[in-house]
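A short write-up of the structure that comes next.
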Amino acid sequence: VRKIVIECLRWHPETGGEPRSQAYEVPFTDDMSVLQGLQHIKDHIDGSLTFRWSCRMAICGSCGAMVNGVPRLACEAFLRDFLPGPLRIEPLNHFPIVRDLAVDQSDFLRKLESAKPFIVPGEKTPQGAHLQTPAQMDRYYQYSKCINCLLCYAACPQYGLNEEFTGPAVLALLHRYNADSRDAGKAERMPVVNTESGVWGCTLVGYCSEVCPKGVDPARAINQNKIESAKDYALRFLK
Amino acid sequence: MKTYVRPVRWNWWTRNPYYVWYMLREASCVFIIAYALVLLMGLLRLSQGSAAYQGWLESLSHPAAIAFHMVALPLVLYHSWTWFKVMPKTMPYTRVPDRVIIVSGVIAAIVASLVLLALA
């Protein structure tokens with residue numbers, strides 16, 4: 001059995017102070033993910049290590065962490081790829097630490113709510129149901145795959161420097177609904193897009209789209225909405 | 001809820017090569033401006049007569065001017081490349097593949113440069 005050293009950043013609210021790194025030697029097999037490495041630590045070495053996880057297959061978006069400085073889902077990264085080690089695991093960048101690898105997501109959730117991430121019904125169609133062609137679906141489909149894992153927020157230096165920035169996933173999800181032919185909520189969402197903390201807070205670093213585990217391209221949603229925002233600004237003088 | 005907020009240090013961009021390339025893209029805009037100013041100066045000199053223009057041309061062969069251009073050229077090329085690379089993300093929705101948009105942008109830039117060189 002091969003072994004790898006996993007260094008976890010630890011911080012507990014009861015003790016406070018500065019976060020510290022703790023190293024664990026973990027035996028592993030070729031099929032073990034980084035998440036399974038963390039689970040081995042919790043089950044066999046140190047039960048006080050705290051981290052979030054659920055599905056183990058890149059669906060739930062709970063186990064995001066900085067893996068050797070890169071935002072990744074722990075379930076989708078494999079220990080064998082980090083030999084000889086040590087492997088550094090830290091909580092997602094730019095979020096307050098609640099305990100060890102668990103971060104406070106409330107800022108994201110508040111912003112997500114402000115984007116109205118649901119279809120706002122418009123007028124009823126004659127046939128009852130809202131029909132949609134594949135071409136209409138193509139306009140939003142990739143954005144609908146977001147799992148709210150927050151890797152893009154950990155990748156975004158603008159969010160790190162200014163947490164007022166609405167951020168990649170929320171703006172991508174906002175666009176997902178604005179671009180949906182069945183939706184009638186665009187006018188309610190544009191105020192979120194138009195502000196300095198909306199799409200204009202983005203400088204197109206583009207790392208959000210690189211790290212997304214689901215192939216969503218938030219940088220594209222945000223920068224296409226700069227055009228929408230400019231149009232929204234210019235057109236109000238004509239109304 | 002008690003939490004710990006990790007500070008973002010001034011050197012945050014040195015910790016990931018992706019950010020280093022991003023910062024280089026942002027910093028290279030200084031050389032774009034300098035390049036544009038040099039060309040604008042040439043245009044100004046041209047408007048002041050052939051002697052003035054000749055003087056501007058000669059100033060370009062000064063070692064300092066050559067050194068500047070040696071540094072500026074690769075940075076300006078890199079800067080241009082980065083914007084062609086993100087061009088598909090900044091355009092309105094289209095079903096044209098990203099690669100086609102990027103390659104046609106680069107080809108247009110190369111053709112425009114060659115035409116300018118041929119005219120010069």
Item to check | Elements of type helices (runs of 4 or more DSSP H) contained in segment A:99-208, each with 2 or more residues being surrounded by 13 or more Cβ atoms within 10 Å (Cβ to Cβ) and away from every other protein chain (no Cβ under 14 Å) | outcome: A:106-114, A:168-178, A:186-194
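Could you please let me know if B:Leu73 is more than 25 Å from B:Leu24 (Cβ to Cβ), of a type outside the set (S, T, N, Q) and more than 14 Å from chain A (Cβ to nearest Cβ)?
Working: more than 25 Å from B:Leu24 (Cβ to Cβ): no; of a type outside the set (S, T, N, Q): yes; more than 14 Å from chain A (Cβ to nearest Cβ): yes.
The answer is no for B:Leu73.
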Checklist outcome for this item: Matching residues in segment A:7-28 (within 20 Å of A:Asn68 (Cβ to Cβ) and either assigned to a loop (DSSP other than H, G, I, E, B) or among the aliphatic types (A, V, I, L, M) (or both)) number 5
Item to check | Among residues of segment A:1-23, those that are surrounded by 16 or more Cβ atoms within 10 Å (Cβ to Cβ) and either without any contact (Cβ under 8 Å) to a residue 24 or more places away in the chain or touching a Pro at 6+ places or on another chain (Cβ under 6 Å) (or both), counted | outcome: 3
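Yes or no: segment A:207-225 includes at least one residue that is within 28 Å of B:Tyr19 (Cα to Cα), hydroxyl-bearing (Ser, Thr, Tyr) and out of contact with any Phe, Trp or Tyr (no Cβ under 9 Å at 6 or more places or on another chain).
The initial filter retains those residues of segment A:207-225 that are within 28 Å of B:Tyr19 (Cα to Cα), namely A:207-225.
Still in the list and also hydroxyl-bearing (Ser, Thr, Tyr): A:207, A:209.
Applying the additional criterion that residues be out of contact with any Phe, Trp or Tyr (no Cβ under 9 Å at 6 or more places or on another chain) yields A:209.
Checked segment A:207-225: at least one residue is within 28 Å of B:Tyr19 (Cα to Cα), hydroxyl-bearing (Ser, Thr, Tyr) and out of contact with any Phe, Trp or Tyr (no Cβ under 9 Å at 6 or more places or on another chain).
Out of contact with any Ser or Thr (no Cβ under 7 Å at 6 or more places or on another chain), among the hydrophobic types (A, V, I, L, M, F, W, C) and assigned to a helix (DSSP H, G or I): which single residue out of A:Leu49, A:Leu92, A:Leu35 fits that description?
Working: A:Leu49 fails: assigned to a helix (DSSP H, G or I); A:Leu92 fails: assigned to a helix (DSSP H, G or I).
Answer to the selection: A:Leu35.
Step by step: first the residues of segment A:79-93, then only those that are hydrophobic (A, V, I, L, M, F, W, C) and buried (at least 16 other Cβ atoms within 10 Å of the Cβ), then the one that is nearest to the other protein chains (Cβ to nearest Cβ). Which residue is that?
Applying the first criterion (hydrophobic (A, V, I, L, M, F, W, C)) to segment A:79-93 yields A:79, A:82-83, A:87, A:89, A:92.
So of that shortlist, the ones also buried (at least 16 other Cβ atoms within 10 Å of the Cβ) come out as A:79, A:82, A:87, A:89, A:92.
On the way: A:Leu79: 21, A:Phe82: 16, A:Leu87: 16, A:Ile89: 14, A:Leu92: 10 Å.
Among residues in segment A:79-93 that are hydrophobic (A, V, I, L, M, F, W, C) and buried (at least 16 other Cβ atoms within 10 Å of the Cβ), the one nearest to the other protein chains (Cβ to nearest Cβ) is A:Leu92.
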Item to check | Leading residue by the ranking (nearest to A:Arg139 (Cα to Cα)) among those in segment B:72-105 that are surrounded by 12 or more Cβ atoms within 10 Å (Cβ to Cβ) and either among the β-branched types (Val, Ile, Thr) or touching a strand residue (DSSP E or B) at 6+ places or on another chain (Cβ under 9 Å) (or both) | outcome: B:Thr90
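Does segment B:27-49 contain at least one residue that is closer than 30 Å to A:Val211 by Cβ and small (Gly, Ala, Ser)? Quick ask: steps written out before the conclusion?
Of the residues in segment B:27-49, the ones closer than 30 Å to A:Val211 by Cβ are B:27-32.
This time we only want the ones that are small (Gly, Ala, Ser), so: B:27-28.
Within segment B:27-49, one or more residues are closer than 30 Å to A:Val211 by Cβ and small (Gly, Ala, Ser).
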Item to check | Residues (facing chain A (nearest Cβ under 9 Å) and in a helix (DSSP H, G or I)) located in segment B:8-19 | outcome: B:Trp12, B:Trp13, B:Arg15, B:Tyr18, B:Tyr19
Item to check | The listed residue being within 12 Å of chain A (Cβ to nearest Cβ) and part of a helix (DSSP H, G or I), out of B:Tyr35, B:Tyr53, B:Tyr22 | outcome: B:Tyr22
Item to check | Unmet requirement for A:Gln224, which otherwise passes all of (1) over 18 Å from the mean Cα position of the chain (by Cα); (2) assigned to a loop (DSSP other than H, G, I, E, B); (3) within 9 Å of another protein chain (Cβ to nearest Cβ) | outcome: (2)
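Bear in mind that the values in this text are calculations on the coordinates, not laboratory data. Since we're looking at a predicted model, the values are computed, not measured. Cβ atoms come from the backbone with ideal geometry, glycine included; neighbour counts cover every protein chain shown.
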